[in-house]
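Undergrad: Dumping the structure here so I can ask a few things about it.
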Amino acid sequence: MYSDKAAGEYIRGVREAKGYKQDYVAHKLNLSQNAYSKTELGKSNLTVGKLFALSDILEFDVSDMIKFLQAKKL
């Protein structure tokens, strides 16, 4: 099992590497910046739908995120 905090850490890292601001991603998800921030902080549950939307917006493979989460678990 992974933690929402670790998932948020991965998402934040990808977002920052792409040079996107939280406001931009939040807008694409139809969320407030505050609501999106909670995703990156691991304070809200990451649904499958939100995960795939984020993978489209931030252009990452979900399988890469899973590998990251598995490595964090070790």
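The values are calculated or read from the model by the stated rules, or taken from the named source; none is laboratory data. These numbers come from a predicted model, not from an experiment. Cβ atoms come from the backbone with ideal geometry, glycine included; neighbour counts cover every protein chain shown.
Undergrad: Among helices (runs of 4 or more DSSP H) lying entirely in the chain, which contain 1 or more residues that are touching a Gly at 6+ places or on another chain (Cβ under 8 Å) and in contact (Cβ under 8 Å) with a residue 40 or more places away in the chain?
TA: Output list reads 4-18.
Undergrad: OK, next. Looking only at residues that are within 12 Å of A7 (Cβ to Cβ) and among the hydrophobic types (A, V, I, L, M, F, W, C) in the stretch 19-47, which one is modelled with the highest pLDDT?
TA: Looking at residues that are within 12 Å of A7 (Cβ to Cβ) and among the hydrophobic types (A, V, I, L, M, F, W, C), I get L41.
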